[in-house]
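Report on the following structure.
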Amino acid sequence: QASYDVHAVEEKWLPVWERLDPFRADDKAVTSGERGKRYALTMFPYPSGDLHMGHAEVFALHDVIARYWRFRGYEVLNPMGWDSFGLPAENAAIRNDTHPATYTYANIETQAESMKRYGLAFDWSRRLHTSDPEYYKWTQWLFLKLREQGLAYRKNSPVNWCPQDQTVLANEQVLADGTCERCGAVVTKKELTQWYFRTTEYAQEYLDRLDDLQDNWIGKVVNAQRNWIGRSEGAHVDFAVAGHDPIRVFTTRPDTLFGATFMVVAADAKLAAQLVTDEQRPAYEAYLEDVRKASDIDRLATDRPKTGVFLGVHAVNPVNGESIPVWAADYVLADYGTGAIMAVPGQDQRDWDFAEVHDLPIVRTVEPPADFEGKAFTGAGPAINSANDEISLDGLDVDEAKRTIIDWLEAKGLGTGTVNYRLRDWLLSRQRYWGAPIPIIHCPVDGEVPVPEDQLPVELPELRGADLKPKGTSPLGGATEWVDVTCPACGGPAKRDTDTMDTFVDSSWYFFRFLSPNDDTQAFDPALAEAWGPVDLYIGGDEHAVLHLLYARFFTKALRDMGLITWDEPFSAYLSQGKVINNGRKMSKSLGNGVSLGEQLQEYGVDAVRLTLVFASPPEDNIDWADVSPAGSLKFLQRAWRLAGDVTSAPGVDPADGDVALRKVTHKTVHEAEQLLESYRFNVVVARTMELVNATRKAIDSGCGPADPAVREATEVVAMLLSLIAPYTAEEMWERLGHEPTVAHATWPTVDPELLVEDSVTAVVQIQGKVRGRLEVSPDISEADLEAAALADPDVVRAIDGREVRRVIVRAPKLVNIVV
Ligand code: ANZ
């Protein structure tokens, strides 16, 4: 036997699979309770270009579990679609001088073809594209529902602005170095009226539920979310200011209140502009100009020069009645806490630096250790200098002092203990074209008016030939015929909202739409959500750990509160796969180390590429393409395929009559594979399959021979295991073994526990303390069986020689002691 032609085999099976469609999910099997359900989800791609190695990896890993669950008798929902709105497609279309729709749908077709060729177990009948009006109609509907619930609202505030993409960004889209996640430009701030989702509504619930999820969320995701939500416990404290409302601050260290020697308001907070005296206003306004240019990251950096201006007013420290000056500075952010702080230079280094530069008093309220040589002391220690006529914190440790001062403040109505979260509401409006229009009409009489449900979707006007380049306002503003409408409430002239929704809105709920993608009466069928939800395993990249996962959690909780679903977390388990790198580096154009998926598939075929990706490492680790061997994978697949050609027994032959040694290897392999698959150790499954191939080859060539039923049994198991990873080879093997396609319909083998028994142990039989016989027995033999076997052994019978057996002491499986 030679080998098979990988490409001919691909051509051969694709149409067969298309005809048999073995992975179509049957809702009824699940709603009727006939079969258990599994919802397998892998992140749907952006349609930018063709699939790349990263897709190839995640799809190969995902396919293993989806196919395995099906083998185990579950009804599996495994859908695929495209996240087809958004900036990447729009920017690429502008670069290529085409319309985003043309670019997007052409890429979708390319990717769909590639995915089909890649042999993935998707239910293609559920395919969706978020840029289809049939989809975004429901994105708009959900927006309106969220607004009804008070979870979507519009407000004016300083927002992140990408000067390159000319659009606002959510906090989550600004990288740690203060740049735009999409284009790398430094993000600045701008004052705008924008739409928000009230994601903070569930801040504490996200955290609480992470505790339950963390065991099944693999990777760095859980901590990334915890940090992003950023819970801090502290207090709100009010500082009186003559002629103004009191200034409220958020502090995590209310115990240091006696050391608050000045206050700082974010220079770009409205409060600063309200407080500033006429005399100080010119200096303040000049300063504000500069502040607007800096990013949040720069502003918070500890080594940044501590600039600021005095606002000309004083506040009263509520614990000691001292008059303390109020400054504006950039190291306090407008949109965190209350946008104002009490500055405690004795315990906070940034406050200390500011005090030094601007010559403000410093009072320590926590005693540093004797050998302390630093400036601000941020550590723990007894409180000092912290007493008034009514209360003394002196001597208390930090936690006691906090509790004591909060009680006092609450009793006096000067403050309250509180919890603050770093998490901000999600800014969702974008001043760009390629997204779902926000279904709101602005009327001079009625204000914000939702588009009536029966008028959804608000279709995106085509704007063929229009200039979509970013200009800072939405290109939809130029489509006057589309913008000018009559107000649904009063019938007078009104205008559509011209912003579109962030693409992350589309992808926050797509796993609901997969349940009933063709339903034109509702976003999804709640009965199907009950039957299929939540997603049992979600596989995708770390880069979505914060953004997408948190947004999906928000939508799920909101839908629960609307009474549309009963479960409240979208993803019961999450697995983030590693990256495919090359020569130790991330693949990139500039390094010239990119690996083309198309070329790999051309050279080695789909199965060898998939096998290589699954075999290379545990799913969560990176794969260095320089270290793997797709040629070796192909060789192994050919070897497995040859086994199927050698088998000479007929399909259906009873394996019970087969060679026990080989059967043991087979059953042990299945048993281990089950455990390995449940714990996502797919690479080890490949190793075990290779071992089984070797054992079978040996049995054919130098053991029991090709006609032994155990050889068939082993080869069929190889085909089933391989079908999880290398479906073409497996299908070809299945056919050679005399079965009808498809191997996906094969029955997963039942492990025979007797065949898992480790090789036999030697039991010693003694008579009157002397060894008289040895028996080969199973290690888990029962006492009774071992006694019977010992008494029936010919050597033992001879040694007893007809004498009466008075006592038998059995220590299974190793010893039998006979007293005559
Ligand atoms: C007084 C104080 C004394 C503080 C001290 C810290 C140490 P996290 O943990 O991140 O929540 N803060 C409050 N609002 C701020 C804003 N808008 N911009 C910049 N800083 C702000 O941090 C809370 C602490 O950060 C608060 O507690 C406040 O300073 C500062 F020894 O109040 B603290």
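The values are calculated or read from the model by the stated rules, or taken from the named source; none is laboratory data. As the structure is a computational prediction, the values presented were derived from the model and not from experiment. For neighbour counting, all protein chains shown are included, and Cβ atoms are generated from backbone atoms with ideal geometry for every residue, glycine included. These area figures cover heavy atoms from the full protein model, side chains too; ligands, DNA and RNA do not enter into them. Shrake-Rupley method; radii C 1.70, N 1.55, O 1.52, S 1.80 Å.
The table below lists the values:
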| item | result |
| --- | --- |
| Distance histogram for the chain (every C-alpha pair counted, 10 angstrom bins, percent rounded to whole numbers) | 2, 11, 17, 18, 16, 13, 10, 7, 4, 2, 1, 0, 0 |
| For the stretch 674-732, fraction of C-alpha pairs farther apart than 16 Å, in % | 46 percent |
| 1.4 Å probe accessible area per residue over the chain, in Å² | 42 Å² |
| Peptides 549-557, 253-261 ordered by average Cβ neighbours within 10 Å, highest first | 253-261, 549-557 |
| Label-point gap, in nm, between E783 and N518 - each point 7 angstrom along Cα→Cβ | 6.6 nm |
| 5 angstrom amide H check on F85, placed H, neighbours 5+ away | T130, S131 |
| Derived scalar couplings ³J(HN,Hα) [the stretch 771-776; Karplus, 6.51 cos²θ - 1.76 cosθ + 1.60; whole Hz; x for Gly, Pro] | 5, 10, x, 9, 10, 8 |
| Sites D627 and D50 - FRET efficiency at Förster radius 30 Å, r taken between beta-carbons, to 0.05 | 0.75 |
| Length-normalised contact order for the stretch 382-500 - Cα pairs under 8 Å, 6+ apart - percent | 25 percent |
| 222 nm mean residue ellipticity, helices alone, for the chain (DSSP H n ≥ 4; -39,500 (n - 2.57); rounded to 500) | -11500 deg cm²/dmol |
| Label point at A2 placed 7 Å out along Cα→Cβ; residues across the stretch 602-617 whose backbone nitrogen lies under 18 Å | 604-605 |
| Relative contact order (percent, whole number), the stretch 462-597, Cα cutoff 8 Å, 6+ residue spacing | 17 percent |
| Solvent-free Debye scattering, log10 I(q)/I(0), computed from the Cα coordinates of the stretch 22-71 at q = 0.13, 0.22 Å⁻¹ | -0.43, -0.87 |
| Entries of K145/K270; K664/K698; K189/K306; K155/K270; K155/K306 with Cα pairs more than 25 Å apart | K145/K270; K155/K306 |
| Antiparallel bridges, percent of DSSP beta bridges restricted to the chain (to nearest 5) | 75 percent |
| Length added when fully stretched, R281-A661, from 0.36 nm per residue minus Cα-Cα | 127.7 nm |
| Contour minus Cα-Cα distance for D215 and M690 (0.36 nm per residue) | 167.9 nm |
| Taking the stretch 96-204 and dividing mean pair separation by its residue count, relative contact order in percent (alpha carbons under 8 Å, at least six apart) | 23 percent |
| Positive-pole candidate from S702, L634, V686, dipole of the stretch 566-721, charges at beta carbon | L634 |
| Segment D407-T566, length gained on full extension (0.36 nm per residue, minus Cα span) | 53.3 nm |
| Highest average packing first - 272-278, 782-788, Cβ atoms within 10 Å | 272-278, 782-788 |
| Karplus (6.51, -1.76, 1.60) ³J(HN,Hα), θ = phi - 60°, over the stretch 800-815, in Hz, Gly and Pro reported as x | 5, 6, x, 6, 6, 7, 8, 8, 10, 9, 10, 10, 5, x, 9, 9 |
| Per-residue ³J(HN,Hα) for the stretch 173-184, Karplus 6.51 cos²θ - 1.76 cosθ + 1.60, θ = phi - 60°, Hz, x for Gly and Pro | 9, 9, 6, 4, 8, x, 10, 6, 5, 8, 10, x |
| Within straight-line cross-link reach of K28, aspartates and glutamates at Cα separation under 17 Å, skipping those fewer than 8 residues along the same chain | E75, D123, D519, D525, E530 |
| Tensor-based shape of the stretch 300-373 (alpha-carbon gyration tensor, a/c under 1.5 rounded, otherwise prolate or oblate) | oblate |
| Accessible area of the stretch 467-587 belonging to carbon and sulfur atoms, whole % at 1.4 Å probe | 49 percent |
| Test item: Cα-centred dipole of the chain, Lys/Arg +1 and Asp/Glu -1 on Cβ, debye | 1100 debye |
| Dipole magnitude of the stretch 43-173, debye to nearest 20 (Cβ charges: Lys/Arg +1, Asp/Glu -1, about Cα centre) | 420 debye |
| Burial order of peptide ranges 524-536, 77-89 (average beta-carbon count within 10 Å, highest first) | 77-89, 524-536 |
| Protein accessible area in the stretch 58-143, 1.4 Å probe - carbon and sulfur % | 49 percent |
| Fraction of accessible area attributable to carbon and sulfur, the stretch 662-778 (%, probe 1.4 Å) | 47 percent |
| Positive-end extreme of charge dipole, the chain - chosen from F354, I725, L547 (charges on Cβ) | I725 |
| All lysines inside 17 Å of K579 as judged from Cα atoms, apart from same-chain residues fewer than 8 positions distant | K220, K589 |
| Rg followed by Dmax, in Å, when the stretch 226-356 is reduced to its Cα trace | 14.0, 45 |
| The stretch 39-58-the stretch 151-198 distance, computed between alpha-carbon centres (Å) | 27 Å |
